[in-house]
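One structure below.
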Amino acid sequence: MFIDYDPVIYSRLLTSLTLGFHVIFATIGVGVPLMIAIAEWMGIKRNDPHYTLMARRWARGFVITVAVGVVTGTAIGLQLSLLWPNFMQAAGHTIGLPMFMEVFAFFFEAIFLGIYLYTWDRFKTKMRHFLLVIPIVIGATASAFFITTVNSFMNAPQGFNIVDGILTDVSPLAAMFNAATPTKISHVIITCYLTAAFILGAIAAFHILKGNKHVYHKKALHLTMVSGIIFAIGTALIGDLSGKYLHEYQPEKLASAEWHLETESGAPLILGGFINDENEISYALEIPYALSILAGGTPDTEVIGLNEFPEEDLPPLWIHYMFDSMVFIGMFLAAVSALFVAMNWKKNWNAFNRPLLWAVVAGGPLSMLAIESGWFFAEVGRQPWIINGVMRTAEGATTSQHVDLMLYLFIILYAVLGITVVVVLRRMFKSNPIEHELEERGFAHKKEDEKEVARR
Amino acid sequence: MMSYEVVGITVLWSFLYGYLIVASVDFGAGFFSYYSKATKKNHVIHNIIQRYLSPVWEITNVFLVFFFIGIVGFFPSTAYYYGTALLVPGSIAIILLALRGSYYAFATYGAKESKFYSFLYGATGLLIPASLTTVLTISEGGYISNENGTVELLYRDLFTSPYSWSVVILAIVSVLFISATFLTFYASRAQDTNALKLLRKYALTWSLPSIVMGVIVLMLLRAQNIEHYQNILDIWWVFAISFVLFAVATFLIWKGKKYGTAFILIMVQYLTAFFGYGVSHFPYLLYPYLTIYDGFTSEPMAIALIIAFIGGLFLLIPSLLLIMKLFLFDADYVQGKRK
């Protein structure tokens with residue numbers, strides 16, 4: 001394939017690549033600390049070394065992913081200036097505050113993570129060590145909060161005026177707390193939690209499927225699935241509000257995602273399908289009134305269609321698939337965790353049956369796929385704008401040569417990092433299985449434990 | 001009352017200074033670690049380096065991120081000029097930082113040691129400062145063209161310039177000097193005599209080269225940016241103080257006493273020189289295109305950033321003190337009696 005050199009296209013590709021790679025580790029980085037905190041808390045409350053070990057092992061794996069998250073986060077932080085100098089100039093004037101604060105939040109988290117990892121056996125009470133995880137959770141979530149306000153601003157810019165091409169009347173707080181902020185932030189944060197729960201749950205389910213009978217894995221699976229169902233319900237509720245936000249403020253994005261061609265009330269929701277150049281849809285599943293309900297809460301809500309917008313202001317229609325896969329996976333995760341919790345609650349049902357375990361295993365990578373789909377939907381769905389209605393993506397990009405070469409270099413970099421991180425994590429946990437580690441710490445495997453959990 | 005512009009640049013410059021110190025310790029440690037492995041003296045200093053670096057490596061990185069995010073907040077036009085010009089060197093620096101950070105974590109937390117990791121760690125320790133100093137070099141002017149509305153870096157001028165190479169060497173030599181003096185101090189606290197002997201030798205080895213390179217850079221600056229050179233001569237006494245601090249510190253290390261004081265003196269030596277350089281560079285961010293007064297952010301944003309900064313310090317300083325108390329000043333930890 002031969003493309004004429006266009007710095008805008010290559011800048012977009014390189015940014016997608018870096019963000020697509022970074023978001024994996026960023027999501028884990030925001031979600032996993034909460035799971036570690038829950039496990040450590042359970043370990044103290046129930047005086048159960050299994051949960052404490054869970055927190056230790058999760059933290060040990062976590063720090064590897066944090067390392068990649070840190071370096072790719074540094075990469076995107078610099079790349080924004082390198083690839084989008086005009087955008088960053090405008091962003092610096094308007095939305096620089098939360099970018100700056102994000103670094104503080106991360107700084108705070110990094111300090112306590114450093115302490116947390118090295119002080120497991122250093123304090124007199126376990127509670128004191130637990131307290132150290134709280135700033136990590138707060139720092140991680142605050143990072144997500146601040147950086148997502150920047151993304152919200154790009155979708156619903158406010159807090160400034162443009163007079164003769166010059167930015168004036170800047171209000172940093174108004175820019176930060178824009179119309180997109182509430183739904184976007186809550187959606188991003190809760191889905192990080194959900195994804196973290198499912199990734200850790202998938203690991204536990206996988207061990208059980210492989211024939212490992214240790215009660216540790218059952219406890220881990222139970223803990224993650226109970227957390228999972230709570231986060232999944234939260235995700236669904238917030239997802240609904242996000243639909244209403246789009247309807248109100250970015251109807252063109254909603255219409256493009258839903259292939260909603262003509263403005264109408266009682267609009268159906270279109271799932272899957274194909275669309276041709278004449279905008280004819282085939283093989284799609286239509287749910288009557290569902291789009292109107294999603295957009296406005298009532299079946300007779302009028303939803304603005306694609307016909308109201310000039311074509312050059314619309315994003316590509318393939319974001320429909322991104323939206324659909326995000327929603328499908330979200331529902332799948334809710335169903336799997338609900339089923340597990342329900343079956344576990346009924347005493348004579350076996351929640352640890354193979355099909356359900358495989359579904360949980362699938363939920364791990366699928367939840368990450370949903371995160372990727374969600375971000376691709378969010379970013380591509382905002383095109384052709386980099387700051388919605390204010391600056392077009394092409395205006396924000398660099399004019400430099402060599403962006404193509406940088407793209408190839410970064411592809412190699414991320415491939416190398418991605419492969420090594422997997423190899424390192426596997427080696428780390430394979431060489432030190434839980435049985436071995438429990439023994440080492442003086443907690444031999446007790447049969448009674450297993451019976452007790454089976455009864456519960 | 002200082003103007004917002006001056007407050008902004010002072011905050012950022014202080015963070016860059018912080019990065020200079022903590023990153024130098026880290027970068028140099030990587031190199032010494034690799035070098036001592038290659039010369040089979042690994043066992044002597046390996047533990048010292050591991051114990052110091054493990055809890056703090058991420059923190060080092062954040063200082064840098066602070067600087068480049070902060071500068072876009074306070075001085076958005078820098079994103080335009082430097083962002084456009086620095087695509088290639090900036091990307092190379094990112095790649096090196098990424099390899100260094102992640103492979104350090106892989107080696108430390110991810111079970112086994114490997115020669116390749118330690119080579120990567122040592123090599124990037126010298127290459128990163130070399131690539132990052134490019135920014136300071138081009139800020140002197142003469143390496144960027146700004147025609148027809150496009151900013152371009154003049155690679156040939158950059159790579160054939162004696163000034164630019166002298167800055168690279170100064171950076172590397174300084175990294176090794178700062179790092180060796182810190183590790184000497186750390187080894188003495190850990191009461192590890194063998195490590196102390198070796199590290200003290202490293203510190204003394206790199207002391208003179210660092211000062212000689214400083215003088216050479218100054219001489220070459222004259223040809224690069226005469227205005228900046230004149231400004232430096234106007235505040236010669238700042239650099240004189242810096243030199244005296246250097247002399248006293250090196251004397252202490254040579255005498256083999258008060259390593260802690262010596263390291264503090266060297267931190268102050270670099271502080272005075274770094275701020276002397278910064279003040280004489282004033283008001284230019286990029287000579288001659290950009291001063292701190294061009295395209296400074298709006299007043300409400302400046303106030304918001306300064307408030308956020310002060311609020312952040314209230315959070316960070318106690319946290320930093322806590323980590324220092326636990327890992328740097330806890331004698332049992334430093335001596336390896338505690339995990």
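Applied to the range A:280-293, the Karplus parametrisation 6.51 cos²θ - 1.76 cosθ + 1.60 on θ = phi - 60° returns per-residue 3J(HN,Hα) values of 9, 9, 10, 6, 9, 9, 10, 9, x, 6, 5, 5, 4, 5 Hz, with x for Gly and Pro. Counting DSSP beta bridges with both partners in the protein assembly as shown, what percentage is antiparallel, nearest 5? Once the DSSP bridges in the protein assembly as shown are tallied, antiparallel ones form about 100 percent. Modelled spin labels at A:THR125 and A:LEU209, positioned 7 Å past Cα toward Cβ, are 4.2 nm from each other.
Largest mean-square fluctuation among B:GLY214, B:GLY83, B:GLY28, in a Gaussian network model of chain B whose springs join Cα atoms under 10 Å apart, belongs to B:GLY83.
How high is the FRET efficiency between B:TYR293 and A:GLN401 when r is their beta carbon distance and R₀ equals 25 Å, given to the nearest 0.05?
Working: r = 31 Å, r/R0 = 1.23.
Given R0 = 25 Å and the Cβ-Cβ separation, E is 0.20.
Chain B and chain A together bury an accessible surface of about 5800 square angstrom, both sides counted, with a 1.4 Å probe and no ligands or nucleic acids included.
Put simply, when B:9-21, A:339-351 are sorted by average Cβ atoms within 10 angstrom per residue, most first, you get B:9-21, A:339-351.
Counting only protein heavy atoms and a 1.4 Å probe, tell me what percentage of the range A:152-218's accessible area is made up of carbon and sulfur. Numbers along the way, then the final one.
Values: 1650 of 2570 Å².
That fraction is 64 percent.
Amide H to amide H distances under 5 Å link A:ILE386 with A:MET391, A:ARG392, A:THR393, where only residues 5 or more positions off or on other chains count and H is placed in the peptide plane. Would you mind classifying the range B:94-243 by shape? Square roots of the alpha carbon gyration tensor eigenvalues, ordered a ≥ b ≥ c; an a/c under 1.5 is rounded, otherwise it is prolate if a/b is larger than b/c and oblate if not. Because a/c hits 1.5 or more and a/b fails to exceed b/c, the range B:94-243 counts as oblate. The distance between label points at B:ILE235 and A:TRP358 comes to 7.1 nm (points 7 Å beyond Cα on the Cα→Cβ vector). Extending 7 Å from Cα along the Cβ direction at B:MET2 and again at A:THR263 yields two label points whose distance is 5.5 nm.
Can you give the FRET efficiency for B:ASN148 and A:TYR289, using 1/(1 + (r/R0)^6), R0 = 56 Å, r = Cβ-Cβ distance, to the nearest 0.05?
Calculated value: 0.50.
Rounded if a/c is under 1.5, else prolate if a/b beats b/c, else oblate: with a ≥ b ≥ c from the C-alpha gyration tensor eigenvalues square-rooted, which is the range B:199-295? If you can, show how the numbers build up before the last one.
Working: a/c = 2.81, a/b = 2.23, b/c = 1.26.
Prolate, because a/c is 1.5 or more and a/b exceeds b/c.
Computed over the range A:190-333, the percent of Cα pairs more than 23 Å apart is 46.
At a probe radius of 1.4 angstrom, the accessible area of the range B:4-334 per residue rounds to 40 square angstrom. On the beta carbon distance between B:GLN50 and B:ILE264, with R0 = 25 Å, the FRET formula returns roughly 0.60. For the range B:254-270, backbone phi angles converted through the Karplus equation (6.51, -1.76, 1.60; θ = phi - 60°) give residue-by-residue couplings of 5, 5, x, 9, 6, 5, x, 4, 4, 5, 4, 4, 5, 4, 6, 4, 6 Hz, Gly and Pro being listed as x.
For chain A, the relative contact order works out to 19 percent when only alpha carbon pairs closer than 8 Å and six or more residues apart are counted.
Near the amide H of A:GLU264, within less than 5 Å, lie the amide hydrogens of A:VAL303, A:GLY305, all on another chain or at least 5 residues away, with H placed in the peptide plane.
The accessible-area loss of the range A:410-428 on complex formation, taken against its chain alone with a 1.4 Å probe, reaches 30 Å² or more at A:PHE410, A:LEU413, A:LEU417, A:THR420, A:VAL424, A:ARG427, A:MET428.
Total lysine pairs in the range B:4-334 at Cα distances under 15 Å, for residues eight or more apart or on different chains: 10. Taking all Cα pairs closer than 8 Å and separated by 6 or more residues, the relative contact order of chain B comes to 23 percent. Averaged over the residues of peptide A:117-125, the number of Cβ atoms from other protein chains lying within 10 Å of each residue's Cβ is 3. Dividing the convex hull volume of the alpha carbon atoms of the range A:18-158 by its residue count gives 104 Å³ per residue. Carbon and sulfur: what percent of the range B:4-334's accessible surface (1.4 Å probe)? Using a 1.4 Å probe with all protein chains present, the range B:4-334 comes out at 70 percent carbon and sulfur.
Value of Rg to Rh for chain A, rounded to two decimals, is 0.99; Kirkwood radius and Rg both from alpha-carbon coordinates. Computed over the range B:154-230, relative contact order equals 36 percent, with contacts defined as Cα pairs under 8 Å that lie 6+ residues apart. The H on the amide N of A:SER171, modeled in the peptide plane, is under 5 Å from the matching H of A:PHE160, each at least 5 residues off or on a different chain. The 3J(HN,Hα) values that the Karplus relation (6.51, -1.76, 1.60; θ = phi - 60°) gives for the range B:245-250 are, in residue order, 4, 4, 4, 5, 4, 5 Hz. Gly and Pro appear as x. Volume of the convex hull of chain B (Cα atoms only), normalised per residue: 141 Å³. If I fit a long axis through the Cα atoms of helix A:354-380 and take the longest principal axis of the Cα atoms of chain A, what angle between them do I get, 0 to 90°, rounded to 10? Between the helix axis and the principal axis of chain A, the angle is about 30 degrees. Where a ≥ b ≥ c are the square roots of the eigenvalues of the C-alpha gyration tensor, would you call the protein assembly as shown rounded, which needs a/c under 1.5, or, failing that, prolate if a/b is larger than b/c, or oblate? Since a/c reaches 1.5 but b/c is at least a/b, the shape of the protein assembly as shown is classed as oblate.
To one decimal place, what Kirkwood hydrodynamic radius in Å is obtained for the range B:128-171 from all pairs of distinct Cα atoms? Spell out each step's value before the answer.
Numbers: mean 1/r = 0.0925 Å⁻¹.
Over the range B:128-171, the inverse of the mean reciprocal pair distance is 10.8 Å.
Note on A:LYS244: aspartates and glutamates with a C-alpha under 19 Å away, same-chain residues under 8 apart excluded, are A:GLU252, A:GLU258, A:GLU262, A:GLU264, A:ASP300, A:GLU302, A:GLU308, A:ASP324, A:GLU379.
The values are calculated or read from the model by the stated rules, or taken from the named source; none is laboratory data. Since we're looking at a predicted model, the values are computed, not measured. Every residue, glycine as well, gets a Cβ built from its backbone with ideal geometry; the counts of neighbours run over all protein chains shown. Heads up: the accessible areas ignore ligands, DNA and RNA and are worked out on the full protein's heavy atoms, side chains in. Shrake-Rupley method; radii C 1.70, N 1.55, O 1.52, S 1.80 Å.
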